[in-house]
Every structure is written in structure tokens, then in C-alpha cells.
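One structure is given below, encoded as C-alpha cells.
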Amino acid sequence: MGQRIGVLGGTFDPVHYGHLAIAEEARIQIPLQAVLFVPARIQPLRQGERISPPEHRSAMLERAILGNPAFRLSRVEYERPGPSYTVDTMALLRDRYPRGSEFYFILGSDAMADMPRWKDIERLIILCRFAAFTRPGCDFDPRNLFLQFPLLRDRVVFLGGPRLEISASDLRRRVRKGLPIRYQTPDAVEEYIRSHRLYLD
């Protein structure tokens with residue numbers, strides 16, 4: 001029997017305790033044997049936003065997940081040009097892992113509400129399952145989504161868990177203003193941001 005593997009994507013600019021908490025919650029609740037953190041090269045729905053170079057975001061992730069043997073960094077989206085489409089990422093991961101492995105794409109309810117805009121969503125629903133967390137302030141009813149994509153109903157699990165209202169954009173703003181970010185991101189990430197003077201310009 002293959003492993004159950006969680007996949008958490010995003011820019012992770014920077015990674016914070018909100019990301020780590022939902023990854024761990026999904027690992028326990030489903031349960032998962034591993035969770036892959038997959039930083040995006042270019043997010044298709046957020047093109048034009050300025051993000052830190054891949055080497056900085058990877059370095060922060062490596063520091064953040066150190067100590068949890070189930071958490072792993074995947075650079076799969078850095079290895080190909082162009083936007084980071086989830087359907088392409090999942091197809092590549094399925095090719096790299098043993099047959100029978102089952103993938104759970106971890107996302108918030110706000111991202112799930114955006115699914116109709118995703119590339120090849122019908123194919124993605126076949127490639128993986130979904131582990132969805134309710135996001136604070138997101139009043140999302142999945143019934144319309146299930147009407148639009150009937151296969152999705154049996155491919156998604158809704159999870160409860162910590163609702164940490166931390167956002168990467170707010171952390172970047174706080175760094176620019178000289179405000180503390182301690183207790184919102186791991187100390188090693190905070191130290192990396194400070195030593196490389198990220199988000200100051």
C-alpha cells in the first residue's frame with residue numbers, strides 16, 4: 001500500500017506558524033506519512049506581485065521544518081519554467097512517487113472558492129484529493145462547487161484545527177515598519193530575514 005502524502009503549496013514569503021500548524025493538523029487528522037512544502041516559482045493567479053527569490057524562500061522553509069521528520073521541502077516547481085500550475089505539479093509528483101501513493105492537496109476554504117479559475121481542474125480532481133481548512137473571515141459554501149464539479153464531493157475532506165490569523169503580507173509589512181514578528185514565525189526564519197535584510201526595500 002502506498003503512502004498518503006500531503007502537499008502544501010504557496011509562495012511562503014515568508015513561511016509562518018499558520019502554514020506549519022495546518023500542515024501538522026492535516027498530518028494528524030488524515031493521517032499522512034509526509035507533508036511536502038512546495039514553494040511556487042510564479043503563482044498564476046498572483047502574477048505581477050513581487051516575491052523573494054527562490055533561494056531565500058527555500059532557505060526559510062528548510063529552517064522552519066527542521067525537526068519534523070514528516071515535513072519535507074520540494075523544489076519541483078522551481079525545476080520548470082513558467083507559472084506554477086497545481087495540476088502540473090501534482091502530475092510530476094505522482095510520477096516521482098511509488099505507484100499507489102495517495103496525495104492530499106492542503107488548502108484553505110478561500111483557495112477552494114477560487115477553484116473554478118484553476119487550470120484543468122477536472123484533471124486535478126482525478127490526480128489528488130483535497131484537505132480543506134476553514135479560513136477566518138471566509139464564508140464559503142462548497143455546494144455550488146460540488147454542483148459544478150460533481151467528482152469533487154468524494155475527493156475532499158474538511159478539517160478543523162487551529163485558525164492562526166497570520167499572513168505573510170502582514171509579516172512583510174511589519175518587517176518594513178520595524179515591528180516584531182517573533183511568535184508568528186519560527187525564530188530561525190526571523191533570524192534569516194534579519195540577517196539577509198529581507199522585506200526592507
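The values are calculated or read from the model by the stated rules, or taken from the named source; none is laboratory data. Just so it is clear, the model here is predicted, and its values are computed rather than measured. With ideal geometry, Cβ positions are generated from the backbone for all residues, glycine too; neighbour counts draw on all protein chains shown.
Annotations
- Given (1) in contact with a helix residue (DSSP H, G or I) (Cβ under 9 Å, 6 or more places away or on another chain); (2) more than 28 Å from PRO53 (Cα to Cα), number of the condition PRO150 does not satisfy: (1)
- When the criteria are applied in full, GLU102 fails the requirement of being surrounded by 20 or more Cβ atoms within 10 Å (Cβ to Cβ) and not small (Gly, Ala, Ser).
- Residue satisfying all of: in the range 39-55; outside any loop (DSSP other than H, G, I, E, B) and either in contact with an Asp or Glu (Cβ under 8 Å, 6 or more places away or on another chain) or of a type in the set (Gly, Ala, Ser) (or both); modelled with the lowest pLDDT among these: LEU45
- Per-region count, the range 56-111, residues outside any loop (DSSP other than H, G, I, E, B) and aromatic (Phe, Trp, Tyr): 4
- Condition check for LEU36: touching a residue at least 40 places away in the same chain (Cβ under 8 Å), surrounded by 20 or more Cβ atoms within 10 Å (Cβ to Cβ), more than 14 Å from the chain's Cα centre (by Cα) and not in a helix (DSSP H, G or I): no
- Selection within the range 3-33 - assigned to a loop (DSSP other than H, G, I, E, B) and not hydroxyl-bearing (Ser, Thr, Tyr): GLN3, PHE12, ASP13, PRO14, VAL15, HIS16, ILE30, PRO31, LEU32, GLN33
- Residues satisfying the stated conditions in the range 150-201, i.e. small (Gly, Ala, Ser), loosely packed, with under 14 Cβ neighbours inside 10 Å and part of a helix (DSSP H, G or I): SER169, SER195
- The single condition from (1) small (Gly, Ala, Ser); (2) within 19 Å of the chain's Cα centre (by Cα); (3) closer than 30 Å to ARG4 by Cα that ALA188 fails is (2).
- Just one of the listed residues (SER101, SER58) is of a type in the set (Ser, Thr, Tyr) and within 23 Å of ASP170 (Cβ to Cβ), namely SER58.
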